[in-house]
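*Asks:* This structure is in structure tokens; I'll ask about it shortly.
The values are calculated or read from the model by the stated rules, or taken from the named source; none is laboratory data. Everything quoted here is computed from the prediction, not taken from an experiment. With ideal geometry, Cβ positions are generated from the backbone for all residues, glycine too; neighbour counts draw on all protein chains shown.
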Amino acid sequence: MAENNKWTMIVDLDKCTGCNACVVACHAENNVPIANEEEVIKGRGLHWIRIERYWEGEYPDIKARFLPVFCQQCGNAPCEPVCPTYASYHSDEEGLNGQIYARCVGTRYCGNNCPYKVRFFNWRAPEFDEPLNQQLNPDVPVRGAGVMEKCTFCIQRIQRVRQTPEGDYGPMTRDGDLQTACTQACPSDALIFGNLNDPESRVSRMLPNDRQARLLEHLGTEPAVYYLKGGTTNVGE
Amino acid sequence: MSLLASLASRRRILAGVAVLALVLVLIAVYLLFINPDVLGASDDQPIAFNHQAHAQNGIQCQYCHTGVDNSPVAGIPSVYLCMGCHEYVATEHPEIQELTGYWERQEPIPWQRVYDLPSFAFFNHAPHISAGVSCGSCHGDVANMTVAEPAVEMTMGFCLDCHAEQENKDALYDCLICHR
């Protein structure tokens, strides 16, 4: 068993119904600030997961297609080398692209260099209106103004499971011991999370897959998110 | 300017300096002896809990701080745990009578934090206990303190100095262990 982890997400596009439950769960778990209408118009909305919607075909034979996009946790991440303060940093232990908020000075270079546009800048100090301020997750910091943030693959859950006697404080956790907030919320099991360096994990058994594809793979970013192409399994008459 | 006038102005300056010095001394006295914030959180404790008295009677840290080996926080015991002994032990002591007061009013004791980490750093007690780190490495010789006081300055350097000496140094140097 390899010592390091390679946290991986599989998104089965045939199962995704575009319900946005993952987006809501992510907001709740990760204290993601809520932007108002005016800010969203300015392109300053913050959602660590974005559900892209595509129409396929022509009316009346038309289908809606959904593509959840979040930080791809690149193995060769474009956001990392451009950060002057090493706030965007690669964790070899987890195979994750870490964002250290305390280091971030808000140059936004990382967001500009990210081909997936999944990094978000806090243009103002976050405000959580009643009753949302009552449900902030104490395991996750609330980012202040001027800080870049993005999906972390729920690193707080990974650490929480590992740093328990049951997790044995070892580098590996058993498959299924932990889920990210989005995989937990997904009603159709379209999101599957696990450790690719664990040969017994569900993601390891699902990959490689005939339907697999990674976003903008030709850029050489080595994303850790695998999409299983839709339209080949249960769609159509 | 006559000699007399220059003497008078010098006296005025001296008087001014003296008043300023007095004000500074008063501020220093206030900060050091009256304002409890400068002395650390320990003085703010609602009950002057005596760690030394408990430790010398052979009570282990974990008897009260039960979460320390299985959760991120060591935990502050409930009034119920205190009353488990103090319903019978040292009931005449004024501090214990204060404790009994909380018990009878069914109020929690508003203990004040002695150690506070910044919101972007996350510490977990359990793996440290599992790795055999003694409580005293970070909390000092609490067994010989009366009211608990901060023993070390908990900075990132303090954490990493110890992490650097461990076998799995690389894993313990990963930022994501403490920062999320």
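*Asks:* Restricting attention to the range B:140-157, which residues are surrounded by 12 or more Cβ atoms within 10 Å (Cβ to Cβ) and not hydroxyl-bearing (Ser, Thr, Tyr)?
*Replies:* Listed by number, the residues that qualify are B:Gly140, B:Asp141, B:Val142, B:Ala143, B:Met145, B:Val147, B:Ala148, B:Glu149, B:Pro150, B:Ala151, B:Met154, B:Met156.
*Asks:* Something else about it: Which of the following residues is farther than 23 Å from A:Ala35 by Cβ and modelled with pLDDT of 90 or more: A:Tyr109, A:Tyr86? Full working, then the answer.
*Replies:* Numbers: A:Tyr109 fails: farther than 23 Å from A:Ala35 by Cβ.
So the residue among A:Tyr109, A:Tyr86 that is farther than 23 Å from A:Ala35 by Cβ and modelled with pLDDT of 90 or more is A:Tyr86.
*Asks:* Right, something else. Take the conditions under 28 Å from A:Lys15 (Cβ atoms) and within 13 Å of chain B (Cβ to nearest Cβ) and apply them to A:Cys182. Does it pass?
*Replies:* Details: under 28 Å from A:Lys15 (Cβ atoms): yes; within 13 Å of chain B (Cβ to nearest Cβ): no.
When the stated conditions are applied, A:Cys182 does not pass them.
*Asks:* If you don't mind, another one. Of the residues that sit in the range B:94-111 and are surrounded by 14 or more Cβ atoms within 10 Å (Cβ to Cβ) and assigned to a loop (DSSP other than H, G, I, E, B), which one is nearest to the other protein chains (Cβ to nearest Cβ)?
*Replies:* Of everything passing the filter in the range B:94-111, B:Trp111 is nearest to the other protein chains (Cβ to nearest Cβ).
*Asks:* Follow-up. Look through A:Thr107, A:Thr17, A:Thr85 and report the one residue that is surrounded by fewer than 19 Cβ atoms within 10 Å (Cβ to Cβ), of a type in the set (S, T, N, Q) and within 23 Å of A:Val225 (Cβ to Cβ).
*Replies:* On the way: A:Thr107 fails: within 23 Å of A:Val225 (Cβ to Cβ); A:Thr85 fails: within 23 Å of A:Val225 (Cβ to Cβ).
One residue alone meets the criteria, A:Thr17.
*Asks:* State all residues of the range A:54-85 that are assigned to a strand (DSSP E or B) and charged (D, E, K, R); if no residue qualifies, say none.
*Replies:* As a first pass, look at the range A:54-85 and keep what is assigned to a strand (DSSP E or B): A:54-58, A:61-69.
A:Glu56, A:Glu58, A:Asp61, A:Lys63, A:Arg65, listed by residue number.
*Asks:* Do we have any residue at all in the range B:115-138 that's over 30 Å from A:Gln99 (Cα atoms), β-branched (Val, Ile, Thr) and either in contact with a helix residue (DSSP H, G or I) (Cβ under 8 Å, 6 or more places away or on another chain) or away from chain A (no Cβ under 14 Å) (or both)?
*Replies:* no
*Asks:* Follow-up. Step by step: first the residues of the range B:67-93, then only those that are more than 14 Å from chain A (Cβ to nearest Cβ) and among the polar types (S, T, N, Q), then the one that is nearest to A:Arg160 (Cα to Cα). Which residue is that?
*Replies:* Among those residues, the one meeting the criterion is B:Ser78.
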